[in-house]
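Since the structure comes first, as structure tokens, the remarks are kept for the end.
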Amino acid sequence: MPKFTYIAKSRPGETIQGDIEAESEQEVIDKLTKSGYFPIAVQTEDLSLSRQGIFRLRKISSRDTVIFTRQLSSLIESGVNILNSLNIMSGQSSNKYLKAVVSDIVSRIKDGKSLSDSLAAHPYIFSNLFVSMIHSGEIGGNLEQALKRLADFLEKEEEFKNSIRVALTYPAFILIVGILTVTILLGFVIPRLATMFEDMGQILPLPTRILISFSDMLRAYGWLMLIIIATSVFLARRLYRSPHGRVLWDNFKLKRAIWGELVLKTELSRLMRTLSLLLSSGMPIIYSLDISMSVLENQVLKLQVQKFKDQIAAGLSFSSCIKNSPLFPELVSSVVAVGEETGTLERSLMRLADDYEKEVDRTLKTLTRLLEPVVILIMGLIVGFIVLSMLLPIFQINLIVR
């Protein structure tokens, strides 16, 4: 049940405020009036998505959405109606933000809206793909099947993203620790040792002089370096967010030897899996392509899919469109052509998605195996140079003493 906050007068010159559970604002007003209060203001509590900014902070994770979809599918498949299913899930959810969203969906359904329309009111949680699949299930009378397919799809996507995160976590951790170590040595340890060496009046070895100069420069102009880096990041983000800059950057990524191939296969896997899901639900190819564009992150590929829509509307087959595109590998057009001829396009697309996902996973594992020793070697050489530069004067002093 939704929560409302209220401000009311209890007696002349005195106001009270609090929160109360009710089905609507009118019910809140009735309850307050019966209790002897005069309502001044009543509004939905901020946990609802009437203020969507709160959910930009990812208070509801993709994993929460997967669990929500799976549980809703199981309850509806067991014969529980939508409202009771949602009420059960709202009571069991440990995430107070998701609970508020489910309560809001229940209120909208009670007001006469469909489940898909109610979900569409929360775009930061339920994507266009999610809403379209639910709408298709409502029209076709197989809502539980649509939810089950969605849950499988979301779980697969989550596993794929997790595999990428896991593959990159260790090299990133080593790099961050190495940078922090070098910064501490250059900023705090070396200046103290440099002062000690200067007091001795000895001529320092060349590596030590280079290191001390670099440390002095870092301390003197570190603030300027930070400003330059922050400004560069800000300008790069502004350029990336502009339509033209985003296309330029995404095109640059696709043209890189290893990186481009990895990006392309990742995007193709996502596109093919989404198309397979939508086509298996009975959606036409043009509508499926339109929805699938929302799951792509690369703007160059998005523009290409938009061209596919126009070409198919003009009478071309999907396989012909892919064949004429320089971005899509020949394997994709061949598999799609076979799927169109045999009437099993959605299965062919799903096989392609699985194959590309496996290739991306293998490539990432290979790259991380190579990246880990490279990062360790580079950081080891830098730290080794710093240590050696600080030990050379000590060895020199020992020789002089002898």
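Right, E341: among the acidic types (D, E), assigned to a helix (DSSP H, G or I), more than 26 Å from the chain's Cα centre (by Cα) and not assigned by TED's automatic domain parsing to the domain that holds L129 or not? Yes; evaluated as a whole, the condition is true for this residue. Are any residues in the stretch 56-91 surrounded by fewer than 18 Cβ atoms within 10 Å (Cβ to Cβ), under 24 Å from F160 (Cβ atoms) and either modelled with pLDDT under 80 or among the hydroxyl-bearing types (S, T, Y) (or both), and if so, which ones? If the condition is that a residue be surrounded by fewer than 18 Cβ atoms within 10 Å (Cβ to Cβ), under 24 Å from F160 (Cβ atoms) and either modelled with pLDDT under 80 or among the hydroxyl-bearing types (S, T, Y) (or both), then R56, L57, R58, K59, S61, S62, S74 are the ones that fit.
Per-residue answers, yes or no, for (1) in the same structural domain as T274 (by TED's automatic domain parsing); (2) assigned to a helix (DSSP H, G or I); (3) of a type outside the set (S, T, Y); (4) more than 24 Å from the chain's Cα centre (by Cα):
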residue	(1), (2), (3), (4)
L316	yes, no, yes, yes
I322	yes, yes, yes, yes
R351	yes, yes, yes, yes
T363	yes, yes, no, no
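Based on this model, can you work out whether W249 counts as closer than 28 Å to I382 by Cβ and touching a helix residue (DSSP H, G or I) at 6+ places or on another chain (Cβ under 7 Å)? Taking the combined requirement at face value, the residue does not satisfy it. Being closer than 30 Å to F126 by Cβ and not basic (K, R) holds for only one residue in L271, L248, and it is L271.
Within the stretch 114-123, restricting attention to residues that are crowded, with 16+ Cβ neighbours inside 10 Å and either touching a residue at least 60 places away in the same chain (Cβ under 8 Å) or closer than 23 Å to L275 by Cβ (or both), the residue that is farthest from the chain's Cα centre (by Cα) is S116. Restricting the stretch 271-322 to residues that are among the acidic types (D, E) and under 30 Å from L143 (Cα atoms) leaves a set whose member that is surrounded by the most Cβ atoms within 10 Å (Cβ to Cβ) is D290. Could you tell me whether V131 is of a type in the set (V, I, T) and assigned by TED's automatic domain parsing to the domain that holds R362? Spelling it out, it is not the case that V131 is of a type in the set (V, I, T) and assigned by TED's automatic domain parsing to the domain that holds R362. A search for C-beta distances below 7 Å between a residue of the stretch 246-261 that is farther than 21 Å from L364 by Cβ and any residue that is part of a helix (DSSP H, G or I) and modelled with pLDDT of 80 or more, counting only pairs 6+ apart in sequence or on different chains, returns R246/Q299; V247/Q299; V247/V300; N251/V300. Scan the stretch 174-202 for residues that are loosely packed, with under 11 Cβ neighbours inside 10 Å and not in a helix (DSSP H, G or I) and the total you get is 1.
Let's see how each residue does on (1) outside the structural domain of S292 (by TED's automatic domain parsing); (2) touching a Pro at 6+ places or on another chain (Cβ under 7 Å):
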{"position": "R149", "(1), (2)": "yes, no"}
{"position": "I179", "(1), (2)": "no, no"}
{"position": "G187", "(1), (2)": "no, no"}
{"position": "M196", "(1), (2)": "no, no"}
{"position": "L204", "(1), (2)": "no, yes"}
{"position": "T208", "(1), (2)": "no, yes"}
{"position": "I212", "(1), (2)": "no, no"}
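None of E27, E45 is modelled with pLDDT under 75 and either within 20 Å of H122 (Cα to Cα) or not small (G, A, S) (or both) except E45. Looking only at the stretch 287-300, residues that are in a helix (DSSP H, G or I) and touching an Asp or Glu at 6+ places or on another chain (Cβ under 9 Å) come to 3 in all. Annotation: of all residues in the stretch 205-235 being surrounded by 12 or more Cβ atoms within 10 Å (Cβ to Cβ) and aromatic (F, W, Y), the one that is farthest from F385 (Cα to Cα) is Y221. Looking at I88, I60, I105, just one residue is in a loop (DSSP other than H, G, I, E, B) and in contact (Cβ under 8 Å) with a residue 12 or more places away in the chain, and that residue is I60.
State all residues of the stretch 109-140 that are in a loop (DSSP other than H, G, I, E, B) and either touching a strand residue (DSSP E or B) at 6+ places or on another chain (Cβ under 8 Å) or not charged (D, E, K, R) (or both); if no residue qualifies, say none. Give the steps one after another, and end with the answer.
At the first step, the residues of the stretch 109-140 found to be in a loop (DSSP other than H, G, I, E, B) are 111-114, 121-127.
Correct list: G112, S114, A121, H122, P123, Y124, I125, F126, S127.
The values are calculated or read from the model by the stated rules, or taken from the named source; none is laboratory data. The model shown is predicted, which means the values in this text are computed figures rather than measured ones. For neighbour counting, all protein chains shown are included, and Cβ atoms are generated from backbone atoms with ideal geometry for every residue, glycine included.
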